[in-house]
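Only the coordinates and a few stated rules stand behind these numbers; no lab work does. Since the model is a prediction, treat every value here as computed from it, not as a measurement. In this analysis, Cβ positions are derived from the backbone assuming ideal geometry, glycine residues included, and neighbour counts consider all displayed protein chains.
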Amino acid sequence: MSESSLKICCIGAGYVGGPTMAMIAKQCPDIEVNVVDINESRIAAWNSDSLPIYEPGLDEVVREARGRNLFFTTDVSEKIKTSDMIFISVNTPTKTFGIGSGRAANLEFVEKCAREIALHAEGHKIVIEKSTLPVRTAEAVKRILNSASNGSASFDVLSNPEFLAEGTAVTDLLNPDRVLIGGESQEAIEKLANVYGRWVRPDSIIRTNLWSSELSKLTANAFLAQRVSSINAISALCEATGADVDEVANAIGTDSRIGPKFLKSSVGFGGSCFQKDILNLVYLCEHFGLPEVAAYWEQVVLMNDYQKRRFSTSIVKTMFNTVSDKKIAIWGFAFKKDTNDTRESAAIYVCRDLLEERARLTIYDPKVGLDQIKQELIYLMSAEFGTLSEKHRKLIDDNVEVANSAEAAASGAHAIAVLTEWDEFKEVDFDAVYRSMKKPAFLFDGRNLMDREKLSKIGFEVYATGKS
Ligand code: UDX
Ligand code: ADP
């Protein structure tokens, strides 16, 4: 496998696989990168002008490499056969059934990939876990590869977790804090390190054993989520005591041991990773007989649930204990700004709570449409009730609509709830918005995005997380 004729295949064209492979292809024009997926419409979108995921700067990266050395296809078996390195970058959602339900990662898709690779591989392949996985999954992948193989292939398995955050994926991939490669074969590790070495500083490429690599990814996400839950816990105390959570975050963040990042209090963290990975960690701890450690980390998720619920409860309480038949404008549905991803977004939970209180919701998100919003609500409400009852479907159908701007969503509303920190929300003509709303005009800022003083002067009743 000479480096210049290297062929890479990535199974899974999602939020991780797509951008990561696009960056490898951009930085290594001599390496052929094939991204494969069983989802035909997703592959078609990657091959179109309208990419399936919104990520600042990604269009340009894809445009530069696509058709040159970056290809998107559904021909999984062919690309497995012809590639030297195969990344597994498929979804690993929390299990919703059977043993470990609600905690353990569902490894069905990873196992299917391993079996697919074993079936079609010829010659030597380096198989790389990109998806976040429980510790020791590589062991299972190795066993499947070796036992299901047709005999004409051999394998090295590496763990190379991805640390990109959505919304900043392109810059994260371009300038990663570190690249982590775990494995047993030094030769395989160095081959992968050489790929990243084309643009990543050598001292930022960390080599570990397989298990440390797998566990580091879970631990990084657990620590990050823990910081958000910690500041959110303090936000409740701020509201009770008259302290201001942003002032507290700023004061503690200047301590170089604590640092300023990830101390933004919010309506709660979302995204496909934090909750899933912590629950996965909790499950692992329980499995290995460490209930105290499991309970410690579970609290991060419980605090997040509390924060989401606290926000919707405060809306209802503040609006004279009823939002029934009141119009509430929801500004933002994505789990953070600069992404169209809504997985585990706090907005889903807040909207669910408000719908149960019989509110009418008009939602505006610059990158999320009605179908996606309804799908998330249906998914959450079905999971809770086993199946979606007619009553809940009607609740969603009758009371959820979208608007095509923040102003339009707020027109005639009793309240605005800011759930995603999109920059454009700060630029709104608040005088006009105020005039168009029912009075008192409430604004609940779940992201501490707004200038409270300015809005209060206009006449809004502003409530912000962590501010009394
Ligand atoms: C995270 C990790 O950051 C990334 O390294 C890993 O690869 C995947 O999981 P992501 O979920 O894409 O990335 O976004 P992130 O920026 O971490 O935000 C997660 C959630 O926490 C968002 O809902 C965000 O709004 C929230 N958050 C983050 C806060 O509420 N406050 C903060 O200070 C930071
Ligand atoms: P992530 O955020 O981890 O990238 P996504 O859900 O966005 O997760 O993407 C995972 C992708 O993996 C999906 O597009 C899904 O269709 C694809 N996938 C899952 N299983 C397989 C498989 N066996 N073969 C090919 N693609 C798969």
Check your understanding: What's the exposure ranking of C285, C273, C10, C28, going from fewest to most Cβ atoms within 10 Å?
Key -> C285, C28, C273, C10
Exercise for review: Find how many whole Å separate the alpha carbon centroid of the stretch 4-57 from the alpha carbon centroid of the stretch 113-158.
Suggested key: 21 Å
**Study point:** Extension gain from A148 to L302, taking 0.36 nm per residue of separation minus the Cα-Cα distance
**Key:** 51.4 nm
Study note, to complete from the structure: Restricting to Cα pairs under 8 Å and 6 or more apart, the percent relative contact order of the chain works out to 12 percent
**Study point:** Kirkwood Rh (inverse of mean 1/r, distinct Cα pairs), the chain, angstrom
**Key:** 23.7 Å
Check your understanding: Roughly speaking, what is the centre-to-centre gap between the stretch 379-427 and the stretch 226-247 when only Cα atoms are used, to the nearest Å?
Key -> 26 Å
Exercise for review: Calculate the spin-label point distance for E108 paired with K261, positioning each point 7 Å from the Cα along the beta-carbon direction, and give it in nanometres.
Suggested key: 3.5 nm
Review point. Label point 7 Å out from R358 along Cα-to-Cβ: which residues of the stretch 320-344 have amide N under 14 Å?
Key: 321-327
Check your understanding: Where in the chain lies the longest segment free of trypsin sites (Lys or Arg not before Pro) that are both loop residues by DSSP (not H, G, I, E, B) and have at most 15 other Cβ atoms within 10 Å?
Key -> 262-357
Check your understanding: Straight-line reach from K142: which lysines have a Cα under 18 Å away, not including same-chain ones fewer than 8 places off?
Key -> K81, K112, K125, K130
Check your understanding: If you stretched the chain out fully between T241 and D325, how much longer would it get, using 0.36 nm times the residue separation minus the C-alpha to C-alpha distance?
Key -> 26.9 nm
Study note, to complete from the structure: Expressed to two decimals, the stretch 3-208 has a Cα Rg over Rh, using the Kirkwood radius, of 0.94
Review point. Where in the stretch 27-47 does the label zone of Y379 land, with the point 7 angstrom along Cα→C-beta and an amide N cut-off under 14 Å?
Key: none
Check your understanding: Cα-based Rg (one decimal) and Dmax (whole number) for the stretch 241-383, in Å?
Key -> 17.4, 50
**Study point:** Stretchable slack from S204 to R309, in nm (0.36 nm times residue separation minus alpha-carbon distance)
**Key:** 33.8 nm
Check your understanding: Where does the stretch 274-464 land on Rg(C-alpha)/(2.2 N^0.38 Å)?
Key -> 1.09
